[in-house]
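The values are calculated or read from the model by the stated rules, or taken from the named source; none is laboratory data. Please read these numbers as outputs of a predicted model, since none were measured by experiment. Quick reminder, even Gly has a Cβ in these numbers, built from the backbone with ideal geometry, and neighbours come from all protein chains shown.
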Amino acid sequence: VPRRLDGLAARCGGFALVSYEALERCPSPALAAAALVALDPPSGPMGAELLRAGSGFTHLAWGDAELRFAQQMHELEYGLRASLAAFYRGLRLRGRVTGEELEHLLRGDGPHGRPARLAARLMKVLAELALVSLDRDLPALAIAGAEPTALERSAAYRAYAQRYEDGRRFLTSANHLPGG
């Protein structure tokens, strides 16, 4: 959703811009809306069900460009291998980070940075693999292990990889349409 804000900044009044992820956690805004406008397709059946569940009218406002955007965002959120490698390399170069340096590493580079939920996924996988050590009191993050390991040893990584594959299939099928 933050990537959409610049384009919608000139608009005002009478609407809320909400991600599918936020609606999955708290669906009441979608269920109570008189009209729902879906700018992007959902990446799974739960999001599609949310589009069907409300009593208001649902407008599907996406085309091929928005479908590609949804696919790219889904890959960013759940296709973790490249993000894990970049994050770990950045930490390995420093050995240990605290304060603003830790925040910068977690946020990543680029104009939009890394969403907090993605940073949390990366941390969870690396911690499960005992590759990083987090001191929550400081806070500080350090390299804990440098032995090569298979990402698939992490239960979290396997779950995220499954969600990635499920969403990828969903977005490349006709099922991304609410009536599909």
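Below is a table of values for the structure above.
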item: Residues within segment 140-164 that are at pLDDT 95 or above, surrounded by 12 or more Cβ atoms within 10 Å (Cβ to Cβ) and out of contact with any strand residue (DSSP E or B) (no Cβ under 7 Å at 6 or more places or on another chain), tallied; result: 11
item: Every residue from segment 83-109 that is within 15 Å of residue 146 (Cα to Cα) and part of a loop (DSSP other than H, G, I, E, B); result: 95
item: Residues satisfying the stated conditions in segment 38-57, i.e. free of Cβ contacts under 8 Å to residues at least 40 places away in the same chain and in a helix (DSSP H, G or I); result: 46, 47, 49, 50, 53
item: In segment 56-106, the residues that are of a type in the set (Phe, Trp, Tyr) and within 17 Å of residue 173 (Cα to Cα); result: 62, 69
item: Condition check for residue 27: within 13 Å of the chain's Cα centre (by Cα) and closer than 23 Å to residue 5 by Cα; result: no
item: Residues of segment 83-105 satisfying the condition of being more than 14 Å from the chain's Cα centre (by Cα) and among the hydrophobic types (A, V, I, L, M, F, W, C); result: 85, 86, 87, 91, 93, 97, 102, 105
item: Subset of segment 110-138 (residues that are surrounded by fewer than 16 Cβ atoms within 10 Å (Cβ to Cβ), part of a loop (DSSP other than H, G, I, E, B) and either at pLDDT below 95 or of a type in the set (S, T, N, Q) (or both)); result: 110, 111, 112, 113, 136, 137, 138
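Residues are listed down the side, and each one gets a yes or a no for (1) farther than 27 Å from residue 161 by Cβ; (2) surrounded by 15 or more Cβ atoms within 10 Å (Cβ to Cβ); (3) in contact (Cβ under 8 Å) with a residue 12 or more places away in the chain:
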site	(1), (2), (3)
26	no, no, no
36	yes, yes, yes
59	yes, no, yes
67	no, yes, yes
83	no, yes, yes
87	no, yes, yes
